Structures are given as structure tokens and as C-alpha cells.
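Here, each number is a calculation from the coordinates, and none is a lab measurement. Given the structure is predicted, the values throughout are model-derived calculations rather than measurements. Here the Cβ is made from the backbone with ideal geometry for all residues, glycine too, and neighbour counts use every protein chain on show.
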Number of protein chains: 2
Amino acid sequence: MRADILDAARKLFGTKGYTVTSTADLAEALGVTKGALYYHFKSKEAILSALVAEPAAEIAELAAHAGERTPRELLGALIDLQAHHPAAYMALQSGDASVLQEHSQRHDFAGRTELIILAIAGPDPSPIQLIRARMAVVAVKEGAMAALVEGGGKLTDQMRLDLLQAAAATLDAGGRASD
Amino acid sequence: MRADILDAARKLFGTKGYTVTSTADLAEALGVTKGALYYHFKSKEAILSALVAEPAAEIAELAAHAGERTPRELLGALIDLQAHHPAAYMALQSGDASVLQEHSQRHDFAGRTELIILAIAGPDPSPIQLIRARMAVVAVKEGAMAALVEGGGKLTDQMRLDLLQAAAATLDAGGRASD
DNA sequence: GTCTATAGCGGGATAGAC
DNA sequence: GTCTATCCCGCTATAGAC
């Protein structure tokens, strides 16, 4: 039942957004009443928190060892993250900024991502290199999401390679990026 | 005063998100009371609508003539759009999905953007070409935003070129994109 | 043109029956 | 474990004084 609630939340938070989804919506989607939800979760926010916990842990992992990996490996890891937790990511992306802020602070999403971006940009990056790294990161996210939609939830190896190629091209566009 | 309200709304909607920003927040930021706002605007949503109107018109313009322009020109136009209306764009991006849906339907943001993406992808695009176009579009958006932050609101010609270069690289990464 | 006061409503959360 | 009923708060919007 906990799992059912999380499934429904994944879907609703991902499509409508967290704030706009009411506990009543959730209950209705499950065919139960609001009260029933509160037996399994302490609050509405606890549901979101549970949803976000796993991907958050993986991002922390990735950020911790970001320095040891190549930009390409990092971009690939981001693709895989997105592929494994598409809905949770959707929820984070389409959720309001306020939710992003709360959970970014709790799980330090922004900080982790920044570390990864820095690692992708390379040592002592110029402003343009940093920006290119940011562009590459959002590009893989967007690309992975689009590819998942396209492939009905599946991401082929070929597609993964193509995404990687496209995003990596951003990094050393116009020549000298000292990666 | 209308302008002051829009300024405050630009800032608050852009940072906190539309739904989460209350009319009380808005009034407090302006040093007036909620009631005062309703003299100038019919509703909270009317404020957002006014904010979004200009960029929406420009996007419609761009989408209407998308076929006549090269991918590079389109990406450049998107950069300029973002540079001219950074806050409105922020509001749209960080706003909840529900707001995006409502105003996307009203101004057909999604549809316009899709047209532009199609034009960037070129005629009869493969799935990967389409995805690359999507990646390039989010990349210029992210890049333009980052560059604006970096430059304190100013976007130099050099920076604009760099962004364009980086995003364009995504399009024909790994060789054959028939643009 | 800006204020106070308040109506009206939706949503999160709790209590207690079953 | 799920239900009904209810409390309470915050928010949008309105009415009317100044």
C-alpha cells in the first residue's frame, strides 16, 4: 500500500506538480480517502521525501566521486540516473521552485549538481567552460527524458551513446576546452 | 504602479514560483496591502498573464517564420528572447506545471516551441535529430540564463557567439545531421 | 488610490467510529 | 487498515471606509 501510494504520487507529482496535487487527488487516484493516506505517511511532504530519497542518494554518491571521473563518464552517469528514476526527476523538475528549494536544501540537490558541473568543466575553468558544462548537463537531462518518452520508457545502448555524443559536443565546441 | 507590481511579480514568481507566491507576498514586497493590488489587476492570474504576454508574442512571431530560418538563427533568436525577458522566462520555468499548462494552452507555448524545435531539427528528422534539437534548445536557455547571471544581466556579443557555438555543436555531433 | 475587514473556499491534518 | 466528520489555516477576492 505504501508502494501504491508512492506509485500514484510519482505519477501525479510528476505530471501536475507537487503543490497542485492535493491529498484528495492522491486518495481519489487510489480509490481510498484522504484519511487512509495518513495511516501510511505522516504528511504529504513525507510522501515526496520518500519519492526523492533514492535518486538523492545516488546523486550524492556521484558527486562525492566526481573528481575521479571523466566528463563523459559523468554525463553518462547522469543519463543513467535519469533513466532509473524518471518520475522522481520529473516531479523535481516540474514541481514548484519552493519544493525544489526545500528538498534541495535537505538533500542538497543544487550543491551536488554544482559539484558535478564543476567536475565536468574541468580544473580552473573559464566562465565559458563552466557555462558549457551547465549546458551539457541540462542537455543530457532533456535528451534522456525525450529518449525515454520516445522509447516507451526504455533507453537503448545506441540511444545512450547518441545522447552522450551530443552532450559532449557542447563541451569542446569551438575548439580549446582543456578537458 | 502597474509597472511596480509587474516588477515585483517578475521577481517573486521567478524565484518562488507562481502558486507559492501569495498576493500578500506581493503586497508586502511593494509596501502596500492586498486590496491595493486588486485596483490595478482583476486577479492574481491577470498579473501573470501580463507578465507573460510580451515574450509569448515574440515566441509566436518566431515560430511563425521558423521555417525560413537556419537552425543557428533560431537558436540565436532564442538566446535573444531569453536575454530580453529573463525574468518572465524564469517565472515560466520555475513555475509549477499547472501554471505552465494553463498558460501554455492560452499562449500555446508548448506548441510554438515545438514548431521551433522541428525547424531546428530540419526536414524529415530522425528521432535522434529531434532529440538533439531539444537538447540544443534547453542548452541555449540554460546557457543564456547562466551567462546573464555571470554578466550581471548583460550578455556580450562574444558570449552570445560562444553560446551559439556550444549549442550548435549538439546538433551535428557525431557527424551526419542533414542540416 | 490605498486602506481595513471579511467573505468564501480549498487543502492539510486529526479524531474516532467501524 | 480504512472510513467519515471535522477542525483550522491560508489564500483569493470583494465591500466599503477613508
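Between the listed residues A:L37, A:L74, A:Y18, the Cα displaced farthest toward the positive end of the dipole of chain A, a dipole computed from Cβ unit charges relative to the Cα centre, is found at A:L37. Counting only Cα atoms, the size of region A:6-67 along its three principal axes is 48, 23, 16 Å, in decreasing order.
Bridging of B:K44 to lysines at a Cα separation below 24 Å is possible for A:K16, B:K11, B:K16, B:K34, once same-chain residues fewer than 8 apart are set aside.
Residue-normalised convex hull volume from the C-alpha trace of chain B: 117 Å³ per residue. Candidates B:P125, A:L130, A:A3 compared by Cα position along the dipole of the protein assembly as shown: farthest toward the positive end lies A:A3, with charges placed on Cβ. Helices in chain A that qualify as membrane-span-like (whole DSSP H runs, Cα extent of at least 27 Å along the helix axis, mean Kyte-Doolittle hydropathy of 1.0 or higher) do not occur. Among the residues of B:159-170, the average count of other protein chain beta-carbon atoms within 10 Å of the residue beta-carbon is 6. Counting only other chain Cβ atoms within 10 Å of each residue's Cβ, the peptide A:146-158 averages 2.
With neighbours defined as other Cβ atoms within 10 Å of a residue's Cβ, the residues A:V20, B:V140 order from fewest to most as A:V20, B:V140. Which of A:L148, B:A57, A:L115 sits farthest toward the positive end of the charge dipole of the protein assembly as shown, with +1 on the Cβ of Lys and Arg and -1 on the Cβ of Asp and Glu? Going by the charge dipole, the pick is B:A57. Here the gap between A:T15 and A:K154, fully extended at 0.36 nm per residue and compared with their Cα-Cα distance, gives a gain of 48.1 nm. Within the protein assembly as shown, the proportion of C-alpha pairs whose separation exceeds 28 Å stands at 46%.
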